[in-house]
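Sharing a structure below in structure tokens format, with a few things to ask.
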Amino acid sequence: MRKIHIIGIGVLVVAMALIFSASKDFASYASFTDAQTSTVKIVGQLVKDKEIYYSPEENPNYFSFFVEDNEGQVRKVIMHQAKPQDFEMSEQIVVTGKMVENDFVADDILLKCPSKYKEEEIFIRSENQS
Amino acid sequence: MNENVEYVGELLWPGELGHYLLITAFVAAIISAISYYLSTKDNDDALSWKKMGRYSFYIHGFSVITAMVILFSLMLGRHYEYNYVFKHVSDDLPFKYMFSAFWEDQEGSFLLWTFWQIIVGIVFIKVSPKWESSTMWIMALIQVFLSSMVLGFVVGDGRIGSTPFNLLREENIAPIFSNPNYLELINGRGLNPLLQNYWMVIHPPTLFLGFALCSLPFAISAGAILNNKVTEWVSVGLQWALWAGGILGIGILMGGAWAYEALSFGGYWAWDPVENTSLVPWLLVVAGIHANLVSRSVKRSYKLSFLMYAFTFLMVLYSTFLTRSGLTSESSAHAFTSLGMETQLLAFILFFLLLALFTYFSKRNQIPSPKEEEAFWSREFWLYLGSFVLILSTILITFTTSIPVFNKIIDFVGSITDQDLTDLHRQTPLDPIAHYNKYQMWIAILIGFMSGTAQYLRYKESNFAARWKSIGKSLGIAFLISIPIAIIGIKWVGGIGVGYFLLIFSATYGFFSNVSYLFTGFHYNAKRLSSVLSHIGFAIMIWGVMASGLKKHYISTNPFLMRELIEDDEMAQKNILLFDSIPMQMSNFDALYFDSELDRNERKYHIKFVEKDKDGNPIDSFNLSPSAVYDNDFTNIVSFNPSTDRRLGKDIFTSISALPGDVMKASQAKEMEDSLHYEQYKIFIGDTIFLRNHIAILQDVSMSNFHKDYEADSTDIAISAGLVFQDPKTGTSYSGRPTKVIKEHRFIADYPDRYNPFRVKAKLGDEFLDILYPSDDKLEYHKVVLENGEQINFAPYTITLQQLNKEITHPEYTAEEGDIAVQAELVIRNSNGDPVEILEPVFIIRGNSPHYIRDYKPRVGLAANFVHIDPASGKMEFAIGENHWAQNPIEIRIAEDVPRNDFIVLEAIVFPGINLFWLGTILMMGGFFASLYVRKFKKSA
């Protein structure tokens, strides 16, 4: 076997090893129960009938809302940052953080919105119609 | 349901023509591919087949380009009967964004890509005629697939391609299409405001030119190998691969520059799937170039070069598949929505994958590959190593980017084996930047070390010990110099850990070893310049990445102000609140938000920054204007555009992260308004209202001065009150003009006036409508009898019956059959005899009974009714009504403790050393073109 082949195979082995070692980056998500003990990523739904609080006049770096995780638990999530745009439209929310007493304090958030380019209705100039 | 409707104003022939042109293009591409292919077969008619192929290709090109011109003209002409035009253009879209609108969606961007393939093909025919036949049949095949994407043929349940010439009413079902005049009622939806940016004008064409060029090295090498010229293609292949690498690289960089300059995430690279899948072909073409250098110099690694070029092209197709199938829409900010052409795209990839594999396996044994091994310290071996490192990088990037594809495959397997395999699904990393950087960092370290060392090695090295004597010193010095500099560098950027140190060290070593290579040896060698340029560029780029990435810090913090609010000290405090005209301290800057202005659909917030030294003395000041972008109907803010102060050493990047809710969304503004409690005050002009903390004085009522936001339409009648708010403690005051408007004689619009520092908001009560349009019981009527031309006194005015008109212009009059109507023209003059107003009441005989239409003019407070015509005497009787509104108190409504809406929440980041990144990347791309120039020069010399 030639050196070059050995190196070629080596590259593939290294690639597989690295991908395997990164597997926790691709892992599914945790729940609020797991968050009692360590920092985790939680995927859940925004609870739309509970308060979404962001009042930049009071504090531009305080933002809270409620999330229901995959096990059905609902917890208040607190973030020290501005409210992301289109937050209310998100279908799925991924928050990274841990439980502090009864609240989940998150330092990172990711929103999954239905689509950037929403289908809009055909715009009609209603004034002209009448 | 619409089949019987005769539509008005549609322009249909260009669409049909365009559609037929695209079909012609498709057919011509097939003919061209077949003809070119036959011309590679050694037969007597090769030349005529070749001509046939070439002319078919030209016809193909002409058809596509004409179709594009037609589509573009339809867009310029705002022909909304076409779906594509409706979806991407609007009446107010400026010309400069017309191009962006053209390639905003799948069809247009496929056309753009096809266009570049045509241009690249034609240039290739002219520049490298020797390789025309063997290459162009593959290029023409690519055109067959590309032009099928815009065919729009319906086949059974599915369709092949999606044509941009479909009509709006074919694509949508809506009641409006029962109206033959629907075109007069619609306006296009317009370009997505996020894409209204000049980068959108230049980035996609450059990227697609790069993509088109990426197909050439593959077409050249595959065509040549299949034509049994298994080795001769290396020079021409290299030439075009260099073009591909240079142009595609620039296209990718433009995307980075766009992201940095116009998107608010604060960075030039986010490892977004779309970015990744354009980076991968670039890495592969660079790997191919390295392998190709070996094959040109020492006649080996032909297979590797070919495979790299094949994968470059296949990854371009895969990139297209990922971004256009909708698969990555979850994880990417700029993927297209699916058009249901996944199968077609897959067929595209599979066809060329099979072609590449067929080429390789059918000719594998004819491609020379020397038996003897390359020496470890030979240049060719290190070039291999370089290629492999790049391949490793592409494998890692592609794997993670493809996770949505793996999930789809798992679903597919699940569906045929009838199992639920969704547990096997994996997520794309939540923090992609950290994920990709973790591994790509080591790739960069390897590249840094190898790029310098390999330069000094010779091809076919047989005596490295001797060679080492002459190069060892240079390499050793470069290595030693790099140690202290890397230590200083790591202190500067503040990276912690072996990885970061190795990264900055290898970049530094790469820099110095490449620089010294340029000056070693006995004779100046221009050929060296190009590779040195690229490798130095890479080293500088890594420095820039580290400096801007690790040293990036938020300056939008105010530790004094925020102390009580912080619950967790470790939490990054990234945003600061700026009120209009109130200076605020943040880090070592003073920030003052002093003005905002609307520029098309973008509101710019002007902020003045003063940078201070440790003692608080100002050392620098500058203005920045981050902005908020409205959607096309101005109801919501959809994005924020950053504004950056660019300097040599560092950039100061600012972006708005939030605005008051009622500014962001029209619906919230309404909610806010509904939640306010307005107190009602019935007062006379000149009266003072005592509020809790302030006083308000009603100074006047005006029909000529209005609220600053109000823009008058010709049919409006409007009234405003001059209201002065005062703070008795400080003596400061504010003059507002709450305004009420009756629009088009039907709608009432309020323009409340607010003064944020006092937190007050005022609007006008309903009594103001009685001034603008009083009911009859509010008027005191007098009977007035006039002859034509007669004038009477009506203190303080005079009234003249100027004439009678048969033509009725009164806005409340709608003609009915059999009407006999006449409109009087009563001129009102003031005491100086100047005409101030004209009253035009209407008298109608409809169905044997008289009708009257009143005319009222608020400015003079007079109404006129035309009540009787005496045919015998020619006298007309009018009822003139006086409005005595000023004798009664009028109602002003004032809300207090109104939440302020004159603030912005700002994020400000310092990026040190980011110019090193741009400098490095520009040098890197410069290397490709330097190489092309040097080669051209050598050839002609």
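When averaged across all projection directions, what area in nm² does the alpha-carbon convex hull of chain B cover?
Across all orientations, chain B yields a mean hull projection of 55.9 nm².
Next question. Report the charge-dipole magnitude of segment B:776-890 in Debye, nearest 20, computed about the Cα centre from +1 at each Lys and Arg Cβ and -1 at each Asp and Glu Cβ.
For segment B:776-890, the charge dipole is close to 240 debye.
Can you pull the one-decimal nm distance between simple spin-label points at B:K527 and B:H884, each 7 Å off the Cα toward Cβ?
The answer from the label model is 10.7 nm.
Let me ask something additional. Full-extension gain between B:D870 and B:N365, please, as 0.36 nm times their residue separation minus the C-alpha to C-alpha distance. The partial results should precede the final answer.
Working: separation 505, 0.36 × 505 = 181.80 nm, distance 11.38 nm.
Contour length minus Cα-Cα distance gives 170.4 nm.
I'd like the per residue volume of the convex hull spanned by the Cα atoms of segment B:87-210, given in cubic angstrom.
Convex hull volume per residue, Cα atoms: 145 Å³.
Students often get this wrong, so check it: of A:K24/B:K303; B:K604/B:K708; B:K574/B:K650; A:K41/A:K83; A:K50/B:K87; A:K41/B:K438, which have C-alpha atoms separated by over 27 Å?
A:K24/B:K303; A:K50/B:K87
Just going by the charge dipole of segment B:1-196, with Lys and Arg at +1 and Asp and Glu at -1 on Cβ, which of B:V64, B:M98, B:Y37 is farthest out on the positive end?
Sorting the options by dipole projection puts first B:Y37.
So for the protein assembly as shown, what are the equivalent ellipsoid semi-axes in whole Å, largest first, each being the square root of 5 times an eigenvalue of the Cα gyration tensor?
67, 40, 26
Another question, if that's okay. Using mean Cβ contacts within 10 Å as the protection proxy, how do B:129-136, A:95-102, B:892-899 order, highest first?
Top to bottom by mean Cβ count within 10 Å: B:129-136, B:892-899, A:95-102.
Another question, then. May I ask you to list the lysines whose Cα is less than 19 Å away from that of B:K875, ignoring any residue fewer than eight positions away on the same chain?
Cross-link targets: B:K783, B:K806.
Students often check this: by mean Cβ neighbours within 10 Å, which of A:74-81, A:30-37, A:45-52 ranks highest, and how do the rest follow?
A:74-81, A:30-37, A:45-52
Other chains near B:18-31: what is the mean number of their Cβ atoms within 10 Å of each residue's Cβ? Mind dumping the intermediate values first?
Values: counts 0, 0, 0, 0, 0, 0, 0, 0, 0, 0, 0, 0, 0, 0.
That works out to 0 on average.
Tilt of helix B:914-940 relative to the longest C-alpha principal axis of chain B, in degrees (0 to 90, nearest 10)?
On a 0 to 90 degree scale, this one is about 50.
Also, quick follow-up: Can you give me the convex hull volume of the Cα atoms of segment B:776-890, divided per residue and expressed in Å³?
Cα-based convex hull of segment B:776-890, divided per residue, equals 116 Å³.
What 222 nm value per residue comes from the helices of chain B, counting each DSSP H run with n ≥ 4 as -39,500 (n - 2.57) and dividing by all residues, nearest 500 deg cm²/dmol?
Using -39500 (n - 2.57) per qualifying helix, the result is -16000 deg cm²/dmol.
Ok, one more. Calculate how steeply helix B:403-417 sits against the longest principal axis of the alpha-carbon atoms of chain B, using the helix alpha-carbon long axis, and give the answer as 0 to 90 degrees to the nearest 10.
80 degrees
Hey, got the dipole for chain B? About the Cα centre, +1 on K and R Cβ, -1 on D and E Cβ, debye to the nearest 20? The partial results should precede the final answer.
Working: 75 positive and 94 negative charges, 1522 e Å.
Charge dipole, chain B, about its Cα centre: 7300 debye, nearest 20.
Does anyone have the angle between helix B:106-127 and the longest principal axis of chain B? Alpha-carbon axes, 0 to 90°, nearest 10?
40 degrees
Quick check: Cα centre of segment B:772-820 to Cα centre of segment B:89-110, how many Å?
With segment B:772-820 and segment B:89-110 each reduced to a Cα centre, they are spaced 53 Å.
Just counting partner chain Cβ atoms within 10 Å, what average do the residues of peptide A:76-85 show around their Cβ?
Neighbouring Cβ atoms belonging to other protein chains average 5 per residue here.
Percentage of Cα-Cα pair distances in segment B:625-684 greater than 17 Å, rounded to whole percent?
So the pairs more than 17 Å apart make up 58 percent of the total in segment B:625-684.
Of the peptides B:799-812, B:635-648, B:361-374, how do they stack up when ordered by the mean number of other Cβ atoms within 10 Å, highest first?
Top of the packing list down: B:635-648, B:799-812, B:361-374.
Here is a further query. If you count, for every residue in A:58-67, the Cβ atoms of partner chains within 10 Å of its Cβ, what is the mean?
Mean partner shielding for this stretch: 5.
The numbers here are math on the coordinates, done by the rules we state, and not lab data. Treat the numbers as computed from the prediction; the structure is a model and nothing was measured. Because the Cβ atoms are built from the backbone with ideal geometry, glycine has one as well, and the counts that use them run over all protein chains shown.
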